[in-house]
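Let me begin by presenting the structure, written as structure tokens, before commenting on it.
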Amino acid sequence: MKTGRLCAAIFLAAVFFAGCGRAAGKNTVTGRAGETVILPEEINTIISTAPSNSEIIIGLGLGGKIIAADEYSAGIDGINKDITLIDFSYPDGETIIRLNPDIIIAAEHNRTVSGDDPFRLMGEAGITVVYIPTSDSIEGIYGDIRFIAGLLGAGEKGEALVAGMKAEVDAIARKGAGITERKKVYIEISPPPYIVTLGRRTYLHEMAETIGADNIFADQEGWIAPSAEAVIDRNPDVVITLFDDIDTFTEDLKARPGFEHINAVQNNRVFKLDANSASRPSQNIILALKQMARAVYPEVYEAP
């Protein structure tokens with residue numbers, strides 16, 4: 001799309017919205033990032049630009065209001081198969097304006113991946129845009145659910161969704177608190193040549209703590225790229241990955257120089273989490289939490 005065409009479309013949309021009084025909604029809320037957001041009087045059509053947001057909206061029973069979503073949301077149960085799909089990082093402004101949504105519920109990753117705010121012009125055209133920052137804790141995910149529920153007039157459903165999550169987390173945490181011989185866990189998000197794992201201030205780290213395990217990189221913060229030597233030196237008892245083919249991942253792990261000496265490899269304690277549940281900060285992290293618990297401590301967290 002040429003810039004001139006997009007700017008013309010934005011200008012026409014701005015004139016249209018101004019004439020309809022659309023941006024003059026009476027409800028003002030503070031966004032998750034601290035910004036002021038003016039909401040339309042009614043929200044009946046939604047564009048969701050990240051799968052975590054789509055999962056929350058569907059969990060609130062409002063999936064039918066989603067008229068477009070990012071391509072990663074396409075396979076989520078509850079998404080209408082006929083909706084328009086938009087690019088996660090570079091959404092088509094003309095398509096969005098033509099769809100004329102009441103609100104765009106976006107994610108921090110939409111903004112950081114492209115290096116710019118891909119919905120800035122849509123916001124200037126009068127479309128309400130709300131960004132959900134990436135939560136680094138389970139409590140933050142509760143807050144995301146409550147916030148989105150409040151936006152969409154589904155506060156009670158949001159509280160019920162959070163209450164259900166809390167009950168599951170608390171039940172696991174109670175068992176985790178009683179574990180005295182804690183296992184050392186290494187969570188590998190990306191394999192070589194670009195190894196990625198995580199430290200504190202991530203909800204996956206908090207999940208490991210909740211089940212009663214110790215993240216071997218708990219002395220670091222956020223997403224990190226450790227050396228192979230650092231993993232070997234910290235000698236995890238269990239390795240957890242999000243890699244789809246666990247057999248291939250396990251064989252690769254065993255073949256890495258020096259990894260044959262770590263406890264997890266010697267004892268065949270390498271496990272996979274459901275990648276979607278583990279990587280999307282929504283109510284569905286509960287599945288990954290249960291999988292992690294049963295993988296690390298099968299004797300404590302028996303499968304139903």
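The values are calculated or read from the model by the stated rules, or taken from the named source; none is laboratory data. Given the structure is predicted, the values throughout are model-derived calculations rather than measurements. Don't worry about glycine lacking a Cβ; one is built from the backbone with ideal geometry, like all the others, and counts go over all protein chains shown.
Reported count of residues in the stretch 221-232, each being in contact with a strand residue (DSSP E or B) (Cβ under 7 Å, 6 or more places away or on another chain) and outside any loop (DSSP other than H, G, I, E, B), is 4. For the stretch 44-61, the tally of residues that are free of Cβ contacts under 8 Å to residues at least 40 places away in the same chain and surrounded by fewer than 24 Cβ atoms within 10 Å (Cβ to Cβ) stands at 1.
Residues that are touching a helix residue (DSSP H, G or I) at 6+ places or on another chain (Cβ under 7 Å) and more than 30 Å from SER73 (Cβ to Cβ) do not occur anywhere in the stretch 276-290.
Is it the case that GLY199 is over 30 Å from PRO133 (Cα atoms), outside the structural domain of PRO51 (by TED's automatic domain parsing) and among the small types (Gly, Ala, Ser)? Considered against the rule, which asks whether it is over 30 Å from PRO133 (Cα atoms), outside the structural domain of PRO51 (by TED's automatic domain parsing) and among the small types (Gly, Ala, Ser), GLY199 comes out as no. For the stretch 55-83, residues that are closer than 20 Å to ARG111 by Cα and in a strand (DSSP E or B) total 3. I'd like to know if the stretch 199-220 contains one or more residues that are hydroxyl-bearing (Ser, Thr, Tyr), more than 21 Å from the chain's Cα centre (by Cα) and part of a helix (DSSP H, G or I). No; the residues of the stretch 199-220 include none that is hydroxyl-bearing (Ser, Thr, Tyr), more than 21 Å from the chain's Cα centre (by Cα) and part of a helix (DSSP H, G or I). Of all residues in the stretch 273-283, how many are in contact (Cβ under 8 Å) with a residue 40 or more places away in the chain and either surrounded by 22 or more Cβ atoms within 10 Å (Cβ to Cβ) or among the acidic types (Asp, Glu) (or both)? So the answer is 5.
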